Amino acid sequence: MPGVVAEVMPGSIAEELNIAVGDQLVRINGIEVEDIIDYRYYCGDEELELEIVRADGATVICEIEKDMDEDLGLVFTANVFDGIRVCHNRCLFCFVDQLPPNPRKTLLLKDDDYRMSFLEGNYITGTNLTEQDLQRIQRLRLSPLYFSVHATDSKVRAELLGLKRNAEILPLLNKLADAQIDLHTQIVLCPGLNDGVQLEKTIDDLIALGPYLCSIAIVPVGLTRYHQRGLRLYTPFECSMIIDLVQGHQKEFQKTRGSSLVFLADEFYLKAGRELPTLEHYEDLPQLENGVGMATLFLDQWKTAKKSLPHKITPTKYTIITGKSAEPIWKEIEKDLAGIDGLQVNLVVVANQYFGETVTVSGLLTGSCLIKALEHQTDTGTILIPQNMLKFDEEIFLDSITLQECRQKLNMPIQVLENDAAYLVSLIGNNRI
């Protein structure tokens, strides 16, 4: 499928060529363009011939001479023009399979597309990669890529992915490492399945990939009340044992590789009641979007930002919303805010009514959870909700309730709290006397 133009940048080459929204880019220099990767790669040439199909169906050829690094100025409706490749595995812990009835349709997409792994850091299993895909990855140097490994033992991995066929991952990763493709990996840890001896084996096998293994993230399995596959969550004691096990590997890898390489999700430390590692521990934060180091980063930002807190403000009240996992972090911040004259802060830890109370991260709280938690409260002041409760490009919660609907239902002012400690300080500082 060709790429459909969504926007033409003002003053760009594309605008000069009268390319318009709704036009379709079919070929560059005679080569079919299947995604934004092809577009960027082939547009690197100084002389281009574009085959464009206009919105009215007419085909035109545009010849261009440009600087090598000059962009054409096209924005497309999607990064992949032939649709996202979906996952056909049946992972025991798949979050999509644990959604409530009638969820928002966009939540049902099971992305397993190597192109989105390269473009957006999405994790893939690699079970649908073809030889042609591998050749393209190597030819275009699509690096880094992000892989859901879970276990390097093929039988264990097959059980975790819900496959009856071979689920080997090491031959694939070795081939990519040999092609000098940087690899970030993750292990979703499930009690009794891929922990213990299996976790040790997986870590050892991945480290053997050599310098192109960039990181391993270990995250605990997450289960909603709709889970029906027989898994359970880790206990605080088990989380503590896992921390001890991984710390041993980290010390070894620091000596042999100059990097910890394997990192634990924040949830292990928070659930175990253990002190979070320092920001330096997470090096260049390679797995931040996986919830690895996010809590430490926020608290580190807070240490700097809180120095600008005012001593006195006009009387102001905030109700800060959080999930159970982040409660210890906000308790620390609450102590620092307690000394500000005129500021009243109420921390509300919201139970997840939508997915079930076993889901404790704030990013999975919904509009209905918020309404349930606050519907009988009065004198809340301004409600501050974390930005990750909303869709990244729209003020809508996971249960399709909008932020405006929440405001109307609760009849309370609600403000979105950006995921940056300095934002909270500036918000309070706006009320300084």
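The table below lists the values:
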{"read-out": "Bins of 10 Å from zero: percent of alpha-carbon pairs in the stretch 111-178", "value": "21, 54, 24, 1"}
{"read-out": "Proxy reagent accessibility, fewest Cβ within 10 Å first, across Asp204, Asp399", "value": "Asp204, Asp399"}
{"read-out": "Nitroxide proxy distance, nm - points 7 Å out along Cα→Cβ at Lys255 and Gln228", "value": "5.0 nm"}
{"read-out": "Where only alpha carbons of the chain are counted, the Rg and the Dmax (Å)", "value": "24.6, 69"}
{"read-out": "The stretch 380-433 and the stretch 260-336: distance between their alpha carbon centers, rounded to Å", "value": "18 Å"}
{"read-out": "For the stretch 3-76, alpha-carbon Rg and Dmax in angstrom", "value": "11.0, 31"}
{"read-out": "The chain - mean residue ellipticity at 222 nm from DSSP helices (-39,500 (n - 2.57) per run, n ≥ 4, rounded to 500)", "value": "-9000 deg cm²/dmol"}
{"read-out": "Efficiency of FRET from Cβ geometry, Ala20 and Gln247, R₀ 60 Å, rounded to 0.05", "value": "0.55"}
{"read-out": "Violating pairs (Cα-Cα greater than 31 angstrom) within the set Lys251/Lys306; Lys303/Lys324; Lys271/Lys372; Lys105/Lys155; Lys317/Lys372", "value": "Lys251/Lys306; Lys105/Lys155"}
{"read-out": "Added length on full extension, which subtracts the Cα-Cα distance from 0.36 nm per residue, Ala55 to Leu347", "value": "99.8 nm"}
{"read-out": "Free-standing Cys residues across the chain, given no other cysteine C-beta under 4.7 angstrom", "value": "Cys43, Cys62, Cys87, Cys190, Cys214, Cys239, Cys369, Cys406"}
{"read-out": "Coarse-grained scattering of the stretch 67-213 at q = 0.12, 0.13, 0.18 Å⁻¹, given as base-10 log I(q)/I(0) from a Debye sum over alpha-carbon atoms", "value": "-0.56, -0.65, -1.14"}
{"read-out": "Cα-based shape type of the stretch 287-424, given that a ≥ b ≥ c are square roots of the gyration tensor eigenvalues and the cut on a/c is 1.5", "value": "oblate"}
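Every number here is computed from the coordinates shown, using simple stated rules; none is lab data. All figures in this text were calculated on a predicted structure; none of them were measured in a lab. Here the Cβ is made from the backbone with ideal geometry for all residues, glycine too, and neighbour counts use every protein chain on show.
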